[in-house]
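First up is the structure itself, then whatever we jot down about it.
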Amino acid sequence: MPLPANATVTLSLVSHTNVGKTTLMRTLIRSDVGEVADRAHVTSSAEDRVLIDTPEGDVLRLWDTPGFGDSVRLLKRLRMSANPIGWFMTQVWDRFTDRPFFNSQIAIRSVREQSDAVLYLVNAAEDPASAGYVDVELEILSWIGKPVLLLLNQMGAPRPHPAEASDEAAWRRQIAAREGVRGPIAMDAFARCWVQEDKLLDSVGAMLPPEKQPAFGRIRATWRARNLKVFDESMRALAAQIAAAATDRETSAAPGFAAKARRWVASLVSDKKRPAPETEQAMSVLAQRLSVAVRDATDRLIALHGLSGRAEKVILARLAGDSDVLKAPSDVGTSGVLGGLLTGAAGGLAADLAAGGLTLGAGALIGGLVGALGGAGAAHTYNLARDADHAQVGWSREFLTQRFRAALLRYLAVAHYGRGRGDWVEGEYPPHWQDLVDEVTLRFRNDIEAVWVSAAGGADAGETTRRLQPLMTQAAREALVRLYPASEEIFAQAVG
């Protein structure tokens with residue numbers, strides 16, 4: 001049986017002036033279209049763009065329209081436009097005396113003639129009962145005669161679901177008596193997530209006439225496939241970055257015997273716990289490589305999500321803050337792989353020192369000094385006595401697990417960043433994200449740490465990435481589903 005013919009589905013984005021239509025359009029299209037400014041009537045004429053098209057030739061188009069200004073006056077004009085006086089006022093008088101008002105009328109007529117459905121954007125920060133213009137604008141949309149979906153913009157930073165649901169409920173009560181108006185749906189141009197876009201398309205599909213349903217089904221499937229591809233590539237990028245850190249080592253030449261002896265004597269009357277200069281240097285080099293890798297991985301996420309800008313100073317500043325703890329007191333054990341050399345106050349940064357074997361004489365010396373000097377003195381004695389040609393510095397398992405957690409938070413930040421907001425800038429993570437990611441990371445902790453053990457045992461970056469990526473994918477999916485339960489269907493379809 002042949003597939004139904006392809007079709008074009010046209011949506012129109014309308015709102016009161018300066019509510020954020022063009023900003024949302026940029027976010028949905030992932031491209032800088034139109035002009036964005038904090039003033040009224042920035043968009044002076046209706047403009048349309050392709051949101052997405054399918055291999056079968058279906059097209060989803062979105063119109064950006066001039067914002068409603070004097071809504072009461074506009075409604076009166078539209079109602080009288082069928083009579084001769086109204087036609088003159090609209091087509092002649094308004095054209096030359098009030099151009100923004102004239103453009104609003106033209107845009108509304110275009111919406112009436114071309115749209116399959118209307119997306120009506122409102123400012124969620126306003127009290128719906130006090131926003132008097134909304135009722136008038138809904139009257140205008142009723143005059144258009146097309147199904148309407150109410151979208152909530154300007155909701156602020158992501159909040160826990162109950163708080164956002166409360167805003168939606170207030171607006172739902174406001175439009176309850178309006179036939180043909182669906183929603184509301186949270187769709188903040190600055191902080192929406194791609195899984196929320198799927199909910200938007202689901203609601204749009206329910207409003208379309210039967211003859212366009214097959215085409216829109218293909219459009220929605222294509223939209224999902226594109227977003228899932230971005231998700232998978234994001235997980236691959238993050239897993240590769242952390243795998244590189246897990247397998248990274250920096251080698252430092254061991255000091256000569258005389259230098260070791262001087263350090264040991266000095267340690268008896270000074271800071272007994274500070275690592276050797278060559279070890280500190282190796283740590284610094286390792287941290288610099290990690291800083292660049294995190295920045296590059298974040299840039300990859302930014303590009304995958306259709307954003308602009310790069311991860312620069314913020315990422316480096318955060319890692320610089322972690323790097324300061326490289327000078328913190330050490331607690332070095334006396335095994336072949338020394339664990340927990342450094343630990344930051346936030347548990348963020350630690351390093352493991354992997355050293356060579358001991359000579360018989362050095363081992364005997366350590367054994368004789370442990371009681372007299374205590375653990376710190378024994379550690380320095382170990383550094384003094386060992387005759388290995390080099391030492392290797394790598395990241396501890398605890399630190400790598402923290403990098404897994406940080407990568408999940410960074411992914412959520414990028415996935416929620418709307419292009420309409422401008423160039424990427426990393427801000428503070430919402431507290432409920434941090435609590436959620438802590439819980440998710442803890443649930444996968446044993447499997448994650450098994451990957452670190454494998455990397456310490458000699459697995460290369462490629463093998464470590466292959467083992468880590470499924471864990472990163474599962475953790476990110478769980479985080480998104482817990483934030484947006486409806487997204488479970490998206491991932492279930494991907495698995496199927």
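Bear in mind these aren't lab numbers, they're just calculated from the coordinates by the rules spelled out. This is a predicted model, so every value here is computed, not measured. Cβ: placed from backbone, ideal geometry, glycine included. Neighbour counts: every protein chain shown.
Region 173-248 and region 390-439 have Cα centres lying 22 Å from one another. Comparing THR441, VAL414, GLY427 along the charge dipole axis of region 408-496, the residue lying farthest to the positive side is VAL414, per the Cβ-charge model. Ordering TYR417, TYR429 from the fewest to the most neighbouring beta carbons within 10 Å gives TYR429, TYR417. Listing TYR120, TYR484 from fewest to most neighbouring C-beta atoms within 10 Å gives TYR484, TYR120.
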